[in-house]
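Remarks on the structure that follows.
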Amino acid sequence: MSVQLRRLIDEQNTLWQRMQDIQSTAETESRDLTAEERTNWDQAEERLTVVSGDIERLNRMAQLQTIDRSQIVSTTGEPGNDRRGDDTEEQARRYGEAFGIYLRGGMDRLTPDQRNLMMDHQVDMRAMGAGIDTAGGFTVPDEFRNLMTETMRAFGGLLGLADVITTSTGADLKWPTNDDTANEGELLGENQPAGEQDLELGGKTLKAHIFSSKQVKLSMALLQDSAFNLEQWVPKKLGERIGRRAARAFTTGNGVNQPQGLTVGAVVGKVGANGQTTSITYDDMIDLEHSVDSAYRANARYLLHDLSLKVIRKLKDSQQRPLWVPIPAPGFPATINGFPYDLDNSMPEPGAGNKTIAFGDFKAGYVIRQVQAVQTLRLVERYAEYLQVAFLGFSRMDGAIQDAAAIRLYQHSAT
């Protein structure tokens, strides 16, 4: 753990304790907060939000840096790891090297052998449909894809929590769904035959919807600068953009030519009482937790927008203990009522009728299908007069509820 992260965790705990002391003093004296106390509270809460956000960003960066060191292969001809094994590994190393040269200088910089190797990995993007009117995309090397995928997970909300399956092609995939929590076995007497109870399996078809990074433009001068680590910068940037867009689809997608979003497909476990258009109570949180079958609560967690977390920070249980507990010590997560949580700002914000908080076992309840082949395009002529080159990334994914009993939602009242 870095010194900066440890310092932020200490500051987070200090700010939280200061806020609790202010509120505790007023409650002990049976009075409202004074103007000065309210100002101090608001200042501490504002700083707490900033510090908590910085902690989230540093944790995400630490995850990405781990991938950087272990996955990326240099394009100068020296692999980051010894990949000289069988022919398959050697070919993968050679393709990674050729792909790096292609990113910086295009096809003209490649040797004939490297150009042929690239063409073996070319994908006709037009075959994917979705309004793509170009050919010439290339599947990215494993190291590039690993970094891009891990970046997508860091920025992709459910992508880091759900059951993720990877397929080599984008063909439609039949996927079974099941909720078997209401069924149980039986106690047999001597010489009694065993009964029967079939699994009631549903089914979904997981497709391969195309997510694009949009174009990322770089100057040719920067591409020619060997000090600029293009092989890490490009997959990170493409992964961030695709991850953010995918996160929104996995939370709010309507399932028509896009993934089935969590807030669309999951069952509502608790609806706020009239007047709770932006608020939530302690009793609501307890009801939400217990709307999830106890079989799933051992691995349950919360998923919510940062503004929903702000509301929950002010809640206390019947013993006047806050539901939100900051990081108690380095290496431990902050919790809500004892359960870990993840922030995903693609979740709806508090508002009338909005489904803002999800609770449950997301790995059991939601499945994401990801096609292994990630494509990228290098666009030269389009921005040649600006001396710029654009990069465009594509990833194919889909998502849906697979076990409806594993996840429940909190919905604010409509009025």
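The values are calculated or read from the model by the stated rules, or taken from the named source; none is laboratory data. Everything quoted here is computed from the prediction, not taken from an experiment. All Cβ positions, glycine included, derive from the backbone under ideal geometry; neighbour counts span all protein chains shown.
Looking only at residues that are under 11 Å from ILE407 (Cβ atoms) and among the hydroxyl-bearing types (Ser, Thr, Tyr) in the range 282-301, which one is farthest from the chain's Cα centre (by Cα)?
Taking the range 282-301 as the starting set, the residues that turn out to be under 11 Å from ILE407 (Cβ atoms) are 288, 291-293, 296, 300-301.
Then keep just the ones that are among the hydroxyl-bearing types (Ser, Thr, Tyr); that gives 291, 296.
Working: SER291: 24, TYR296: 21 Å.
Across the range 282-301, the extreme among qualifying residues is SER291.
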- Counting only residues that are modelled with pLDDT of 75 or more and acidic (Asp, Glu), the range 143-159 contains a total of 1
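Please go through the range 12-62 and pick out each residue that is of a type in the set (Gly, Ala, Ser) and either surrounded by 13 or more Cβ atoms within 10 Å (Cβ to Cβ) or assigned to a helix (DSSP H, G or I) (or both).
Taking the range 12-62 as the starting set, the residues that turn out to be of a type in the set (Gly, Ala, Ser) are 24, 26, 30, 35, 44, 52-53, 62.
SER24, ALA26, ALA35, ALA44, SER52, GLY53, ALA62, listed by residue number.
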- Message: Can you confirm whether ALA127 is assigned to a helix (DSSP H, G or I), among the hydrophobic types (A, V, I, L, M, F, W, C), more than 25 Å from MET220 (Cβ to Cβ) and at pLDDT 75 or above?
- Response: no
- Selected residue (criterion: modelled with the lowest pLDDT) from residues of the range 199-241 that are in contact with a Phe, Trp or Tyr (Cβ under 8 Å, 6 or more places away or on another chain) and closer than 26 Å to ASP403 by Cα: GLY203
- Positions within the range 272-290 being crowded, with 17+ Cβ neighbours inside 10 Å and under 23 Å from PRO333 (Cβ atoms), in sequence order: ILE280, ASP284, MET285, LEU288, GLU289
- Note on the structure: When restricted to LEU303, LEU307, LEU379, LEU409, the only residue touching a Leu at 6+ places or on another chain (Cβ under 9 Å) and surrounded by fewer than 20 Cβ atoms within 10 Å (Cβ to Cβ) is LEU379
- Note on the structure: When GLN319 is run through (1) closer than 26 Å to MET397 by Cα; (2) out of contact with any strand residue (DSSP E or B) (no Cβ under 7 Å at 6 or more places or on another chain), the failure sits at (1)
- Would you pick out the residues in the range 323-353 that are surrounded by fewer than 17 Cβ atoms within 10 Å (Cβ to Cβ) and touching a Leu at 6+ places or on another chain (Cβ under 6 Å)? GLU349
- Query: Of all residues in the range 22-51, which are of a type outside the set (S, T, N, Q) and either in contact with a Gly (Cβ under 8 Å, 6 or more places away or on another chain) or under 22 Å from SER308 (Cβ atoms) (or both)?
  - Reply: TRP41, ASP42, ALA44, GLU45, GLU46, ARG47, LEU48, VAL50, VAL51
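Looking at LEU288, LEU377, LEU343, which one is at pLDDT 95 or above and either among the hydrophobic types (A, V, I, L, M, F, W, C) or closer than 28 Å to LEU206 by Cα (or both)? I'd like the intermediate steps shown before the answer.
Working: LEU377 fails: at pLDDT 95 or above; LEU343 fails: at pLDDT 95 or above.
From the options LEU288, LEU377, LEU343, the qualifying one is LEU288.
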- What number goes with the only condition from (1) in contact with a helix residue (DSSP H, G or I) (Cβ under 8 Å, 6 or more places away or on another chain); (2) buried (at least 21 other Cβ atoms within 10 Å of the Cβ) that ARG297 does not pass? (2)
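Do we find a residue being in a helix (DSSP H, G or I) and either within 27 Å of ASP344 (Cβ to Cβ) or at pLDDT 75 or above (or both) anywhere in the range 163-177?
The first filter runs over the range 163-177 and keeps only residues in a helix (DSSP H, G or I), leaving none.
No, the range 163-177 contains no residue that is in a helix (DSSP H, G or I) and either within 27 Å of ASP344 (Cβ to Cβ) or at pLDDT 75 or above (or both).
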- Message: With the condition being over 18 Å from the mean Cα position of the chain (by Cα), I'd like the strands (runs of 3 or more DSSP E) fully within the range 335-415 carrying at least 1 qualifying residues.
- Response: 339-343, 355-360, 375-379, 388-401, 407-411
